[in-house]
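Presented below is the structure to which this report refers.
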Amino acid sequence: MQQALAYAATLDVPFVFSSNGDGFLFHDRTGRSTPIERTLALDEFPSPDDLWARYRRGRHHERGDKVVGSPTMRTPPAGNCDYYQRIAIQRTVEAVARGQRVSCSQ
């Protein structure tokens, strides 16, 4: 789990899962789950809808669904982005969804 948490921090991933084949260890990096880390049975793995709801609670302002659900955001950028470019895009979209001004300084 520690290695997965290190990768998740680098990639700015909110949820981390580790498995031993019999179950999962789930860690919520948003800090919104109680407890933050818990064991899940194989049949308790969260659905995509559940993970999306958790992500929204942890990262988005109310306006976030409109921004993230826009056609522009559903289409990946042309070409392959490096992980740090994807993180920059994600953080920019989240800031816009919260109503923050986004500017580039030189």
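Laboratory data are not the source of any read-out in this text; all were calculated from the coordinates shown. Just so it is clear, the model here is predicted, and its values are computed rather than measured. Note that each Cβ is placed from the backbone with ideal geometry, even for glycine, and that neighbours are counted across all protein chains shown.
Subtract the Cα-Cα distance of residue 39 and residue 82 from 0.36 nm times their separation in residues, and report this length gain in nm to one decimal. Walk me through the numbers before you get to the answer.
Numbers: separation 43, 0.36 × 43 = 15.48 nm, distance 3.19 nm.
That works out to 12.3 nm of additional length.
Applying a DSSP loop filter and a limit of 15 other Cβ atoms within 10 Å to the chymotrypsin sites (Phe, Trp or Tyr not before Pro) in the range 1-41 leaves nothing.
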